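Below: one structure, written as structure tokens.
The values are calculated or read from the model by the stated rules, or taken from the named source; none is laboratory data. Quantities reported herein were computed from a predicted structural model and do not represent experimental measurements. Because the Cβ atoms are built from the backbone with ideal geometry, glycine has one as well, and the counts that use them run over all protein chains shown. Note: areas computed on protein heavy atoms with side chains; ligands, DNA, RNA excluded. Shrake-Rupley method; radii C 1.70, N 1.55, O 1.52, S 1.80 Å.
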Amino acid sequence: MNGAPPAIDLVDETFLAVPAGTVKAAFADPAAWRRYWPDLRLDLYTDRGDEGLRWTVKGALVGTMEVWLEPMLDGTLLHYFLRAAPAGPVRPRDLRRELDRRARAAKVIALELKEILEDGREPGIPPRT
């Protein structure tokens, strides 16, 4: 990326009513990385425990990615950051489409985890550990 701002600077947040360690476990296995981001090769450079993970990204995009897990209320705020550029040249219109595609994919991952990890938890009921 040569010091230039990343072409894709994506931020997403989703609240999950489960402890941070439960969310972290969903991202801990490299097999999950390939499932969530099949066109990216991730290299873990920081494991922050229950606070999340940081990776360098190669493949379709080149840059960095982070999942930051912030304890909040009776659960965890899942922050997702992707700062990267396409591996090759891309037209501005295609870059906007790629940003939109990545934003939608990030939300799909977060909402699927929410559905699975919360496992039907009713509002006002303590989260399962």
Filtered residues of the stretch 32-47 (kept if farther than 16 Å from GLY21 by Cα, among the acidic types (Asp, Glu) and open to solvent by 70 Å² or more (accessible area, probe 1.4 Å)): ASP43
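Search the stretch 1-47 for residues being in contact with a helix residue (DSSP H, G or I) (Cβ under 7 Å, 6 or more places away or on another chain) and part of a strand (DSSP E or B), and hand back the single one that is farthest from VAL90 (Cα to Cα). Even if it seems obvious, please write down each step before you answer.
At the first step, the residues of the stretch 1-47 found to be in contact with a helix residue (DSSP H, G or I) (Cβ under 7 Å, 6 or more places away or on another chain) are 7-8, 10, 12, 14, 16-18, 20-24, 26, 32, 36, 42.
With the extra rule that they be part of a strand (DSSP E or B), the set shrinks to 8, 10, 12, 14, 16, 42.
Details: ILE8: 12, LEU10: 17, ASP12: 23, THR14: 30, LEU16: 35, LEU42: 22 Å.
The residue in question is LEU16.
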Matching entry among ALA25, ALA84 (being of a type in the set (A, V, I, L, M, F, W, C) and within 18 Å of VAL108 (Cα to Cα)): ALA25
Residue tally, condition of a type outside the set (A, V, I, L, M, F, W, C) and touching a Pro at 6+ places or on another chain (Cβ under 9 Å), over the stretch 65-83: 5
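Can you report the number of residues in the stretch 36-55 which are small (Gly, Ala, Ser) and under 13 Å from the mean Cα position of the chain (by Cα)?
In the first step, residues of the stretch 36-55 are kept if they are small (Gly, Ala, Ser); the result is 49, 52.
From the residues that got through so far, the ones that are under 13 Å from the mean Cα position of the chain (by Cα) too are 52.
Residues that pass the stated criteria total 1.
What residue, among those in the stretch 48-77 that are farther than 25 Å from ARG101 by Cβ and part of a strand (DSSP E or B), is most open to solvent (accessible area, probe 1.4 Å)? Give the derivation first.
Going through the stretch 48-77, the residues farther than 25 Å from ARG101 by Cβ turn out to be 48-51, 70-76.
After this cut, where a residue has to be part of a strand (DSSP E or B) as well, the list is 70-72, 75-76.
Details: GLU70: 51, PRO71: 101, MET72: 68, GLY75: 10, THR76: 0 Å².
Among those residues, the one meeting the criterion is PRO71.
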Subset tally (residues that are touching a Ser or Thr at 6+ places or on another chain (Cβ under 6 Å), part of a helix (DSSP H, G or I) and at pLDDT 95 or above) for the stretch 78-129: 1
